[in-house]
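Participant: Handing you a structure now.
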């Protein structure tokens, strides 16, 4: 006969660390209880039930209605009801109602109800809001931050503001878990994947495919709205092919495709969603297998059929303001990049390789509304722009040679003036 000796685990009340001194079996009896190893199964089942009950209780915390809780607090404070009656009337927990009425934290009822359970975030709310504004401002200036940039910046903010944190001192960054929680608290922030480019000869083949299936004519021409990539704007074969087959190509202004290209606005998002759903559905019906190159065409084809609808296409042109035409589709902050302070540039080569500063620096940053607001704040806390200043964009006159290598500006690509100028520049 061997015995199990209980020893409570301080981290979990329901899972004491138990080991048999003779047969080394593991069990979960009550603290300090000496039991036969033959009863091991019974105690394991009991412990698992206790653990599941604890998990269910944690999931059910704060599931009551916030408005009902506010009404119950008001009823108790106005002596209209007692705790028990208010709890039953408004269907809220009695113990929680008592805590909110007694209000030991001296917060307003609305603040207490909005407070999330668990440990508070490392960065206070005002610093997190400032960090979100900083990310948005950097994105407006086409210096979008990577996740690693934000994690390093969060670490610097915690250090400079003397905040208690559990970030990695070795890597000098916030953790992945903090990053996921930060994005959940601020869903207005998203990450975009880098886009690939197409070669000129491939685009010419695609245009031929487009003409074959669309069949544009002089009476019913087709209009293509494209970005300013060189395969579209400096491709004589493409321009001649489009002109001969009644295709009008219009080039969008630089840095505007994320707001004006219907494909990016309305089609690519649903395509990614439906493609992910098709993959999940395939994995569910093929347990133990993985998606390979042999299944990609079929799965992508199914996703494409689901999102290649007239409704999605119409929404793309409507959202971009192209059709029906809407010149007010853009807001003021969309033009923030054009309201920069002019500064002398040393050379064009340096401007091509401008990168936002990543470390603590005293570089003078441009005085935008965001920086002005934070600079005049009486709060002594260190802000994001003080650690990594927002870069300014210098304007300079470029030479004709430099202008040739740039992306195309807004233009009618198939127009005769543009074609003649392109042929002259290439010759």
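Participant: Could you bin all the Cα-Cα distances of the range 66-114 into 10 Å bins starting at 0 and give me the percent of pairs in each, rounded to whole numbers?
Facilitator: With 10 Å bins starting at 0, P(r) equals 30, 61, 8.
Participant: Can I ask one more? Over the range 66-114, what relative contact order in percent results from Cα pairs under 8 Å that are six or more residues apart?
Facilitator: Rounded, it is 37 percent for the range 66-114.
Participant: Next question, about the same structure. Give me the Debye-computed log₁₀ of I(q)/I(0) at q = 0.26, 0.29 Å⁻¹ for the range 162-214, equal point scatterers on Cα only, no solvent, two decimals.
Facilitator: Ignoring solvent entirely, the Cα scatterers give -1.05, -1.09.
Participant: For the pair residue 102 and residue 199, how long in nm is the line joining their label points, each one 7 Å along Cα→Cβ?
Facilitator: For the pair residue 102/residue 199, the computed spacing is 7.5 nm.
Participant: Also, I was wondering about something else. Kindly put 64, 178 in sequence by how many other C-beta atoms sit within 10 Å of each C-beta, fewest to most.
Facilitator: If I rank by nearby Cβ atoms, fewest first, I get 64, 178.
Participant: Using packing as a proxy for protection, rank 297-304, 255-262 so that the peptide with the highest average count of other Cβ atoms within 10 Å comes first.
Facilitator: 255-262, 297-304
Participant: Take the alpha-carbon positions of the range 260-320, form their convex hull, and give its projected area averaged over all directions (one quarter of the hull surface) in nm².
Facilitator: Value for the range 260-320: 4.2 nm².
Participant: What is the distance, in nm, between label points placed 7 Å from the Cα along the Cα-to-Cβ direction at residue 78 and at residue 139?
Facilitator: About 4.3 nm separates the two model spin labels.
Participant: Continuing with the same structure: Between residue 305 and residue 328, what FRET efficiency comes out of the Förster formula 1/(1 + (r/R0)^6) with R0 = 45 Å and r the beta carbon distance, rounded to 0.05?
Facilitator: For R0 = 45 Å, the calculated efficiency reads 0.80.
Participant: Could you rank the peptides 212-224, 127-139 by their average count of other C-beta atoms within 10 Å per residue, with the highest value first?
Facilitator: 127-139, 212-224
Participant: Roughly how many nanometres apart are two label points built 7 Å out from the Cα toward the Cβ at residue 277 and residue 176?
Facilitator: Spacing of the two 7 Å Cα→Cβ label points: 2.8 nm.
Participant: Viscosity 1.002 mPa s, temperature 20 °C: what is the translational diffusion coefficient of the range 138-285 from Stokes-Einstein with a Kirkwood Rh over Cα pairs, rounded to a whole number of µm²/s?
Facilitator: 109 µm²/s
Read-outs throughout are calculated quantities, based only on the coordinates presented, and are distinct from any laboratory measurement. For clarity, every value in this text was computed on a predicted model and none was experimentally measured. Using ideal geometry, Cβ is built from the backbone for each residue, glycine included, and neighbour counts are taken over all protein chains shown.
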